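Here the structure is laid out as structure tokens; the discussion comes afterwards.
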Amino acid sequence: MEKTVQLYEGKAKKVFATEDPALCIVSYKDDATAFNGLKKGTIAGKGVVNNRMSNLMMQLLEKSGVPTHFVEELSDRDTLVKKVAIVPLEVIIRNVSAGSFAKHYGVEEGIVFDEPTIEFSYKNDELGDPLLNSYHALALKLATKEEIETIKKYAFKVNEVLSEYFKTLGIRLVDFKLEFGRLPDGSIVLADEISPDTCRLWDIKTNEKLDKDRFRRDMGGVEDAYKEVFKRLMGE
Ligand code: TMP
């Protein structure tokens, strides 16, 4: 399958049309942004890591009963996916306090929760992705009640499957962000990516950060962190 016209360029990916109107090609870039695009940079090799990691995660999730947009990995950076209409919600699951949770509620990072939390943001860059609850999402007609229930069910399932999987790699899945899409038949599938850009991944033994927080917080060792996750995923 070949790329035809570019449909969209986001902060970390480009999306191309193909000859098949039901399929798109996603192309992962090394560009990195944080704080709604205020901070800009490049993470060498990130596009390859994120593409290949996302595809592994999507295939694992499909096997576990979570439908995804994944069709076929075409190259190191390019993947064929089902064309979806993205539901404009960022769905965040947390297992451990970190990031904006720690900041909002005035707690330290690293508190392990008894139960995972879920929250939604309205995916809208102009508004800075404001937090909202499911009633707000319904009021704004971002999704139906049934869609929100399905999204919640899939998001918690993703957490179960990926938390277990990362544990086998010596990684703690602290939190992550998901996006879902609608297929032409109206069904909901997991879309976007699952990568060190969209997850907090801490080494189980040392709590070393192996994710984009190293870029957001100018910690250094950004490329090495992405490479380390990739190495563990590849079983090296
Ligand atoms: P937060 O603690 O900053 O709210 O982030 C929660 C999770 O969501 C974390 O794993 C990083 C991810 N995330 C994104 O993927 N995109 C974003 O724009 C933000 C703010 C967070």
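The values are calculated or read from the model by the stated rules, or taken from the named source; none is laboratory data. Just so it is clear, the model here is predicted, and its values are computed rather than measured. Note: accessible area is taken over every heavy atom of the protein model, side chains too, but ligands, DNA and RNA are not part of it. Shrake-Rupley method; radii C 1.70, N 1.55, O 1.52, S 1.80 Å.
Explain nothing, just the number: relative contact order of segment 117-236, from Cα pairs under 8 Å at least 6 residues apart, as a whole percent.
14 percent
Within the accessible area of segment 186-232, what % is carbon and sulfur when the probe is 1.4 Å and the other protein chains stay in place?
For segment 186-232, the apolar C and S fraction of the accessible surface comes to 48 percent.
Would you calculate a helix-derived [θ] at 222 nm for the chain, using -39,500 (n - 2.57) for each DSSP H run of n ≥ 4 and dividing by the full residue count, to the nearest 500?
Calculated mean residue ellipticity at 222 nm is -9500 deg cm²/dmol.
May I ask which of Lys82/Lys209; Lys103/Lys152; Lys82/Lys177; Lys14/Lys145 have a Cα-Cα span longer than 28 Å here?
Over 28 Å Cα-Cα: Lys82/Lys209; Lys14/Lys145.
May I ask you to evaluate 6.51 cos²θ - 1.76 cosθ + 1.60, the Karplus curve with θ = phi - 60°, for each residue of segment 162-176 and list the ³J(HN,Hα) values in order in whole Hz, giving x for glycine and proline?
3J(HN,Hα) across segment 162-176, in whole Hz: 6, 4, 4, 5, 5, 4, 5, 9, x, 10, 9, 7, 6, 7, 6.
For the chain, with a Gaussian network of springs between Cα atoms less than 10 Å apart, report the residue from Thr206, Thr168, Thr79 with the top mean-square fluctuation.
Judging by the Gaussian network model, the answer is Thr206.
Taking all protein chains in place and a 1.4 Å probe, what share, in percent, of the accessible surface of segment 87-160 do carbon and sulfur account for?
Roughly 53 percent, rounded to a whole number.
For segment 146-206, place one equal point scatterer on every Cα, skip the solvent, and apply the Debye formula. What is log10 of I(q)/I(0) at q = 0.13, 0.19, 0.27, 0.30 Å⁻¹?
-0.39, -0.73, -1.14, -1.28
Roughly what percent of Cα-Cα pairs across the chain reach past 33 Å?
More than 33 Å apart: 12 percent of the Cα pairs in the chain.
Return the sequence-ordered ³J(HN,Hα) values of segment 118-133 in whole Hz as given by the Karplus equation 6.51 cos²θ - 1.76 cosθ + 1.60 applied to θ = phi - 60°, using x for Gly and Pro.
Along segment 118-133, the couplings run 10, 8, 10, 10, 7, 6, 7, 4, 4, 8, x, 6, x, 5, 8, 9 Hz.
Setting aside same-chain residues fewer than 8 positions from Lys141, which aspartates and glutamates have a Cα under 13 Å from its Cα?
none
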